[in-house]
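Q: Structure below; questions to follow.
The values are calculated or read from the model by the stated rules, or taken from the named source; none is laboratory data. Given the structure is predicted, the values throughout are model-derived calculations rather than measurements. Cβ placement follows ideal geometry from the backbone for every residue including glycine, while neighbour counts extend to all protein chains displayed. Ligands, DNA and RNA are stripped out before the accessible areas are found, and what is left, the full protein with its side chains, is counted by its heavy atoms. Shrake-Rupley method; radii C 1.70, N 1.55, O 1.52, S 1.80 Å.
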Amino acid sequence: MTIARIETFLAPPRWMFVRVETGEGVVGWGEPVVEGRAEPVRAAVEVLAEYLVGQDPLRIEDHWQVMTKDGFYRGGPVLSSAVAGLDQALWDIKGKTYGQPVHQLLGGPVRERIRAYAWVGGDEPSEIRDAVSAQAEAGFTAVKMNGSGRMTPLATREEVRACLLRAETAREVLGDERDFALDFHGRVSPANARRLLPLLAEYAPLFVEEPVLSEHMHAVPDLVNASNIPIALGERLFTRREFLAPLQAGVAVVQPDISHAAGISELRRIAALAEMYGAHIMYGAHIAPHCSLGPVALAASLQVAFTTPNFLIQEQSIGIHYNKDAELLDYVADREPFRFVGGSLLRTERPGLGVDIDEAAVRTADARGHAWRNPVWRHEDGSFAEW
């Protein structure tokens with residue numbers, strides 16, 4: 001068996017798919033993209049395709065080593081995301097070739113269902129209340145929301161109170177038996193994070209995500225010690241080596257993205273690394289894969305989650321406020337693998353990644369394409385603000 005053709009497709013709202021076909025007609029799908037930088041990732045996939053075409057698709061680990069290490073200059077989000085999508089597609093082909101789901105090829109499942117959380121939007125407490133209530137009524141046992149909008153480097157009392165009111169509102173709606181997580185999205189300075197974390201403790205978030213940007217890793221140990229709230233981060237980290245520092249700093253939850261962190265092959269290694277850290281001798285630090293992307297990324301994340309003992313909860317983008325012009329379910333021929341039962345996704349034995357992509361829909365979407373860019377925010381004085 002050899003790889004015969006590799007194609008990429010830009011698909012709204014901000015995604016990209018890769019289709020890898022063998023000479024024997026087996027097709028694997030992957031999702032390589034950096035949101036807002038899809039075009040450079042597409043070019044990187046085309047370069048890697050020069051190596052892959054003509055190769056045996058079943059030699060996944062060897063291909064991963066070559067794709068990540070054969071260049072003099074290595075790493076970075078563009079290359080890592082290109083590798084991620086191709087790696088997903090190769091695992092999809094391998095599973096389909098042997099008639100097995102990828103989780104069986106990774107050692108077999110350790111759970112029957114995957115708990116997921118739903119995103120809620122709304123900057124005003126009344127909007128948050130309605131959005132959280134809707135997701136709870138839909139059966140989700142956990143939600144995640146932004147902890148703040150644009151925030152000044154040293155927050156005013158009004159900004160602090162707005163953040164606390166979000167948390168207070170979510171807790172009132174959910175009660176004590178369900179969870180919410182707060183995503184600071186890197187918008188909060190280390191000084192603001194140190195102020196906010198102790199104040200948020202009474203609302204008991206499941207975790208606080210990205211209390212500081214990943215480049216401020218030196219600030220993470222102080223934040224871990226500033227509050228009893230579990231700290232989560234990792235969507236902007238791309239290799240197991242980059243996850244070592246936050247794990248050593250004591251973060252409770254790591255959040256690699258399977259379409260950014262070099263695919264299934266690297267995600268499971270990051271999860272194994274996380275098992276070595278944390279206060280709980282059985283589980284170590286937990287993994288909550290980041291996944292605000294499309295159906296292939298989610299399907300690939302689930303395959304790893306089913307085999308990972310220290311898995312915590314899965315992000316998914318169905319209904320997320322970023323999804324404009326298209327939705328995750330628009331690109332699948334069968335929605336059953338993405339049907340939620342009590343806020344969880346059930347394990348199936350479908351071969352490969354377990355998702356049936358609607359190829360006609362993907363090709364139609366690519367004809368429209370997209371050029372999604374994230375917004376540029378500014379403070380009131382005109383200086384740049386983190387989005």
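Q: Roughly speaking, what is the centre-to-centre gap between segment 201-251 and segment 101-174 when only Cα atoms are used, to the nearest Å?
A: Between the Cα centre of segment 201-251 and that of segment 101-174, the gap is 17 Å.
Q: Taking amide H positions as placed in the peptide plane 1.01 Å from N, state which residues far from residue 357 in sequence (5 or more) or on other chains have amide H under 5 Å from it.
A: 333
Q: Kyte-Doolittle cut-off -0.5, length cut-off 27 Å along the helix's own axis using Cα: show which whole DSSP H helices in the chain pass.
A: Helices meeting the criterion: 77-98.
Q: To make sure I understand the rule: partners must be lysines, Cα under 20 Å from the Cα of residue 324, and not fewer than 8 residues away in the same chain. Which ones qualify?
A: 144
Q: Do me a favour and compute the ellipsoid semi-axes for segment 86-235 from its Cα gyration tensor, root of five times each eigenvalue, largest one first, whole Å.
A: The answer is 33, 21, 14 Å, longest axis first.
Q: Another question, if that's okay. Cα-based Rg (one decimal) and Dmax (whole number) for segment 179-219, in Å?
A: According to the Cα coordinates of segment 179-219, Rg and Dmax are 10.0, 29 Å.
Q: As a check on your grasp of the helix formula, calculate [θ] at 222 nm for the chain: sum -39500 (n - 2.57) over DSSP H runs of n ≥ 4, divide by the residue count, round to the nearest 500. Please report the intermediate quantities before stating the final value.
A: Working: 12 runs with 145 residues, N = 387.
Helix contribution divided over all residues of the chain: -11500 deg cm²/dmol.
Q: Based on the Cα gyration tensor of segment 180-295, what are the three equivalent ellipsoid semi-axes, each the root of five times an eigenvalue, rounded to whole Å and given largest first?
A: 22, 15, 13
Q: Rounded to the nearest 5, what % of DSSP beta bridges with both residues in the chain are antiparallel?
A: 50 percent
Q: Same structure, new question: Using label points projected 7 Å from each Cα along Cα→Cβ, tell me how many nm separate residue 130 and residue 225, to one decimal.
A: According to this spin-label approximation, the distance is 4.5 nm.
Q: Go through segment 103-120 residue by residue and turn each phi into a ³J(HN,Hα) via Karplus (6.51, -1.76, 1.60, θ = phi - 60°); whole Hz please, and just put x for glycine and proline.
A: Couplings: 4, 6, 6, 8, x, x, x, 10, 8, 9, 9, 10, 6, 10, 10, 10, 7, 10 Hz.
Q: Also, quick follow-up: Where does the Debye-calculated log10 I(q)/I(0) of segment 257-358 sit at q = 0.10, 0.11, 0.24 Å⁻¹, using only Cα point scatterers of equal weight, no solvent?
A: -0.29, -0.35, -1.36
Q: Sort 236-243, 251-258 by the packing proxy (mean of other Cβ within 10 Å over each peptide's residues), most packed first.
A: Taking the mean over residues of other Cβ atoms within 10 Å, the ranking is 251-258, 236-243.
Q: Please list 3J(HN,Hα) in residue order for segment 17-22, calculated via the Karplus relation 6.51 cos²θ - 1.76 cosθ + 1.60 where θ = phi - 60°; whole Hz, with x for glycine and proline.
A: Taking θ as phi minus 60°, the curve returns 10, 10, 10, 10, 10, 8 Hz for segment 17-22.
Q: Also, quick follow-up: Taking the solvent-accessible surface of protein heavy atoms with a 1.4 Å probe, what is the per residue accessible area of the chain in Å²?
A: Value returned for the chain: 40 Å² of accessible area per residue.
Q: In terms of solvent-accessible area of protein heavy atoms at a 1.4 angstrom probe, what is the ranking of 78, 34, highest value first? Could the numbers behind the result be given before it?
A: On the way: 78 50, 34 25 Å².
From most exposed to least exposed: 78, 34.
Q: Expressed as a fraction of 2.2 N^0.38 Å, the rule-of-thumb size for a compact globular protein of N residues, what is the C-alpha radius of gyration of the chain?
A: 0.96
Q: In straight Cα distance, which lysines are under 30 Å from residue 94, not counting same-chain residues fewer than 8 positions off?
A: The qualifying lysines are 69.
Q: Taking a temperature of 4 °C and a viscosity of 1.567 mPa s, what whole-number D in µm²/s does Stokes-Einstein yield for segment 70-153 with Rh from Kirkwood over alpha carbon pairs?
A: Diffusion coefficient, whole number: 75 µm²/s.
Q: What share of all Cα pairs of segment 339-387, in percent, falls into each consecutive 5 Å distance bin?
A: Percent of pairs per bin, in order: 4, 13, 10, 10, 10, 13, 15, 10, 9, 5, 2, 0.
Q: Taking 0.36 nm per intervening residue step and subtracting the Cα-Cα distance, what contour gain separates residue 386 from residue 324 on full extension? If you can, show how the numbers build up before the last one.
A: On the way: separation 62, 0.36 × 62 = 22.32 nm, distance 2.18 nm.
Gain on stretching residue 386 to residue 324: 20.1 nm.
Q: A further question follows. Quick check: net charge around residue 384, other residues with Cβ under 14 Å of its Cβ, Lys/Arg +1 and Asp/Glu -1?
A: Working: positive: 150, 187, 378; negative: 380, 381, 386.
It works out to a net charge of 0.
Q: Pull up all non-local amide H partners of residue 352: gap of 5 or more, or a different chain, and H-to-H distance under 5 Å with H placed in the peptide plane.
A: Placed amide hydrogens put 95, 96, 100, 102 under 5 Å from residue 352.
Q: Tell me which GluC sites (Glu not before Pro) from segment 312-387 have a DSSP coil assignment and no more than 12 other beta carbons within 10 Å of their own.
A: Passing both the DSSP loop test and the Cβ count: 349, 380.
Q: How many percent of the accessible area of the chain is carbon or sulfur, using a 1.4 Å probe?
A: 51 percent
Q: While we're here: Compute the relative contact order of the chain as a whole-number percentage, counting only Cα pairs closer than 8 Å that sit 6 or more residues apart in sequence.
A: Contact order relative to length: 21 percent.
Q: Can you tell me how much longer the chain between residue 65 and residue 24 gets when fully stretched, taken as 0.36 nm per residue apart minus their C-alpha distance, in nm with one decimal?
A: So the chain would gain 12.3 nm between residue 65 and residue 24.
Q: With charges set only on the Cβ (+1 for Lys and Arg, -1 for Asp and Glu), what does the dipole of segment 254-387 come to about its Cα centre, in debye to the nearest 20? It would help to have the intermediate numbers written out before the result.
A: Working: 11 positive and 17 negative charges, 39 e Å.
With Lys and Arg at +1 and Asp and Glu at -1, about 180 debye.
Q: Debye sum, Cα scatterers, segment 300-387, no solvent: what log₁₀ I/I(0) at q = 0.22, 0.24, 0.25, 0.26 1/Å?
A: Debye intensities relative to I(0), on a log10 scale: -1.19, -1.30, -1.35, -1.39.
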